[in-house]
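Worksheet: one structure, shown below.
The values are calculated or read from the model by the stated rules, or taken from the named source; none is laboratory data. Predicted model only: the values in this text are computed from it and were never measured. Cβ coordinates were reconstructed from backbone atoms using ideal geometry, including for glycine residues, and neighbour counts include every protein chain displayed.
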Amino acid sequence: MTNEHAQIKRMTLMSMLTAIGVVFRVIRVLIPNVQPVTDMIMIVTLIMGIGFGISLAMMIMIVSNLVLGFGIWTIPQILAYAVCVLTVAGLAKVLPIRKHLLLQVILAGFLGFEYGFFISIGMSIYGGLAAFVVYWLNGLLFDGYHALGNVAFYFILYKPLAKMLRTYFNLA
């Protein structure tokens, strides 16, 4: 496969995954913060790497916010997902996460809380430490929903997405 062909495949994959991620964010379920975007970004990061994971997270947030609305939360959303990608990639270097589904599921649950924590830090720019504490404490229930949703969706999403990525790029 030529370098140009590989680049086109990566761009096509990024476009398809962005579109899927946007649909996952825009379609609402009855429980707030329950959506498989975090799982998708985690799986993509484990298979495709940090750069692809961060790029995908940025694209999903920007494009979905065209529909959902931009605001002071947009940059913290992007940064929080970047931290989640770095967490996944960093832990994958020191723990056998890629080989153990249980470790992946635990990490997916943790990312629900980590994402909410870093969103709260991002929002503290507008109100200082007091705003962080209030925002974070008020969001813990929603972070819990996010974490539980991540755990539930991971079992549904992991196999088909991982297989698709590996097949698309002829990875072992």
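Within region 72-110, the only residue that satisfies the criterion of being free of Cβ contacts under 8 Å to residues at least 40 places away in the same chain, aliphatic (A, V, I, L, M) and outside any helix (DSSP H, G or I) is Leu95. If the condition is being under 18 Å from Tyr115 (Cα atoms) and in a helix (DSSP H, G or I), then region 27-50 contributes Val37, Thr38, Asp39, Met40, Ile41, Met42, Ile43, Val44, Thr45, Leu46, Ile50. Pull out all pairs, ordered by first then second residue, where Cβ-Cβ is under 6 Å, the residues are six or more apart or on different chains, the first lies in region 2-29 and is under 15 Å from Leu157 (Cβ atoms), and the second is part of a helix (DSSP H, G or I). So the pair list comes out as Leu17/Leu56; Gly21/Val37; Gly21/Met40; Gly21/Ile60; Phe24/Val37; Arg25/Val37; Arg25/Ser64. Take the conditions (1) of a type in the set (Gly, Ala, Ser); (2) modelled with pLDDT under 90; (3) surrounded by fewer than 16 Cβ atoms within 10 Å (Cβ to Cβ); Gly122 misses just one of them, which is (3). Condition first: buried (at least 17 other Cβ atoms within 10 Å of the Cβ), over 20 Å from Leu13 (Cβ atoms) and touching a helix residue (DSSP H, G or I) at 6+ places or on another chain (Cβ under 6 Å). Can you find one or more residues in region 48-60 that meet it? Within region 48-60, none of the residues are buried (at least 17 other Cβ atoms within 10 Å of the Cβ), over 20 Å from Leu13 (Cβ atoms) and touching a helix residue (DSSP H, G or I) at 6+ places or on another chain (Cβ under 6 Å). Of all residues in region 119-134, none are within 16 Å of the chain's Cα centre (by Cα), assigned to a helix (DSSP H, G or I), closer than 17 Å to Gly53 by Cβ and aliphatic (A, V, I, L, M). Set side by side, the residues Gly122, Gly71, Gly139 differ, and just one is over 18 Å from Ala152 (Cα atoms) and out of contact with any helix residue (DSSP H, G or I) (no Cβ under 7 Å at 6 or more places or on another chain), which is Gly71. Which members of region 61-86 meet the condition of being surrounded by fewer than 19 Cβ atoms within 10 Å (Cβ to Cβ) and more than 16 Å from Gly122 (Cβ to Cβ)? Scanning region 61-86 gives Val63, Leu66, Val67, Leu68, Gly69. Within region 135-172, if we keep just the residues that are over 16 Å from Ile47 (Cα atoms) and aliphatic (A, V, I, L, M), the residue that is farthest from the chain's Cα centre (by Cα) turns out to be Leu137. For region 88-107, the count of residues that are surrounded by 13 or more Cβ atoms within 10 Å (Cβ to Cβ) and either in contact with a Gly (Cβ under 6 Å, 6 or more places away or on another chain) or among the aromatic types (Phe, Trp, Tyr) (or both) is zero.
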